[in-house]
Each structure stands twice: as structure tokens, then as C-alpha cells.
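Note sheet for the following structure.
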Amino acid sequence: KNQVEQSPQSLIILEGKNCTLQCNYTVSPFSNLRWYKQDTGRGPVSLTIMTFSENTKSNGRYTATLDADTKQSSLHITASQLSDSASYICVVSAGGSGGYNKLIFGAGTRLAVHP
Amino acid sequence: NAGVTQTPKFQVLKTGQSMTLQCAQDMNHNSMYWYRQDPGMGLRLIYYSASEGTTDKGEVPNGYNVSRLNKREFSLRLESAAPSQTSVYFCASTDSIYPQYFGPGTRLLVL
């Protein structure tokens, strides 16, 4: 069964600190992996996308890593800011035929950055 | 450029009532999607439309119908709402085969 599991479920850190969010997946065949940021009451916004051959990708203070062998990804946030408070969702695309590749969404990690 | 817009933002229905959720995008995307998001769960695909004039079922289509009115608009209809359909509904669109841009969501409460 295709699954995406994220940990921790929630996390509280102090402003300026770093943190790492984890994503483990069992999706086959694998096409790509995305991280989204979802602010409270808003729709998800894409942060990064990585294909099988990529093992790291950065977007400002956000750095995502991918280990396709162990089927794990992480999202590292550097020098956190209050505006980083949000849910972070890991999404894995299962490759397939036809016009749509099935997306499997994780339940998200809720991050709270406190001053 | 408003991106993806959804109306209404919030709706309360009684069991058995019907309603239509509206979605529009101004990015000239071919593909549009409807998802629902429930607490503690990932987004789940209800229906999608790969291009104008086509629609296909996603993971959880029961109890819903969709209409791709034109390239810009994709609506989701609940014919007879049930409490299990209480959720947050997101519309998304893309110019590739992967959803990229999400709307702000519609929060639906069915009593």
C-alpha cells in the first residue's frame, strides 16, 4: 500500500533555531517527492520538488534531502522565523500511465516557532 | 493575477442539502483538481480534470459530482450532503501533470 508518514506530528522551536522534519514513504513506482508549506487557513504552497536522481534541493532557508534507497526525505529549516509557523506536508508522486500521476500526501508536521 | 480562487470560504449545511463549490484559475492551466483535507490525514483527491471537457474520479469520489465548465472553472457539487462530508475542500490547478497551485480552501460543516 502506498503510504507517506511524517514525523514528528508537531514541533515547537524557538525563533532562530534550526529544525529537521522527516518523511518516510512506501510508494511504488516512485516519480518525485515534494514538500509543501501550508499556513493556517490557506492552501498548500510548494517549497521543493525532487526526482529520483536528486538528493538535495534548497529554497532559501529550506533544504530538502532525499534518500531513494531508504525511501526517506527530510526538510531542514535554518534560522527559523516566526513566519515559518505552519504545517509542512510531504507529497510523493507515484508514476503511472495516463495523464495523471497519483499523489500520496502525508498528514503533515505542524511547526510552531516561538519568540 | 489572482491564481486559484474558491467560493464560498465557509458554508454550513444541514444533512440532505445540496451545494456547489466553485473554483476558478486565471493561469491558463489545463488540469484542475478537487481535494478534501481532514484532521490528521493527508489531502485526498476527489475528482480531477486533465483538460477542458474531461473529468475523472480520484480516490474518494462517492457523494460528489464535478463539472469542468470551461478551461478556467471547475465546480464540485454535493447533491445530498452528509456529516461525513464535513471537511476543508481545496481546488488546485497545474500546467503539468502535478498539482502546483492550490486555492485558499472552502470549509464545509454538515450538521
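The values are calculated or read from the model by the stated rules, or taken from the named source; none is laboratory data. Predicted, not measured: the structure shown is a model, and the values here were computed from it. We place every Cβ from the backbone using ideal geometry, glycine too, and count neighbours over all the protein chains shown.
Observations
- Test: residue in segment B:68-79 that is closer than 23 Å to residue B:18 by Cβ, among the acidic types (Asp, Glu) and more than 10 Å from chain A (Cβ to nearest Cβ): yes
- Selection count, segment B:1-48, where residues are of a type in the set (Ser, Thr, Tyr) and either facing chain A (nearest Cβ under 10 Å) or outside any strand (DSSP E or B) (or both): 6
- Just one of the numbered conditions (1) farther than 20 Å from residue A:40 by Cβ; (2) more than 9 Å from chain A (Cβ to nearest Cβ) is not true of residue B:87: (1).
- Enumeration of residues in segment B:49-62 that are surrounded by fewer than 14 Cβ atoms within 10 Å (Cβ to Cβ), more than 9 Å from every other protein chain (Cβ to nearest Cβ) and either at pLDDT 95 or above or not in a strand (DSSP E or B) (or both): B:53, B:62
- In segment A:71-95, the residues that are more than 14 Å from every other protein chain (Cβ to nearest Cβ) reach residues that are buried (at least 17 other Cβ atoms within 10 Å of the Cβ) and outside any strand (DSSP E or B) with C-beta atoms within less than 9 angstrom, at least six apart or across chains, in these pairs: A:71/A:27; A:77/A:84.
- Count of segment A:1-26 residues which are hydrophobic (A, V, I, L, M, F, W, C) and within 15 Å of the chain's Cα centre (by Cα): 5
- If only residues of segment A:30-47 that are among the polar types (S, T, N, Q) and in a strand (DSSP E or B) are counted, the one that is modelled with the lowest pLDDT is A:31.
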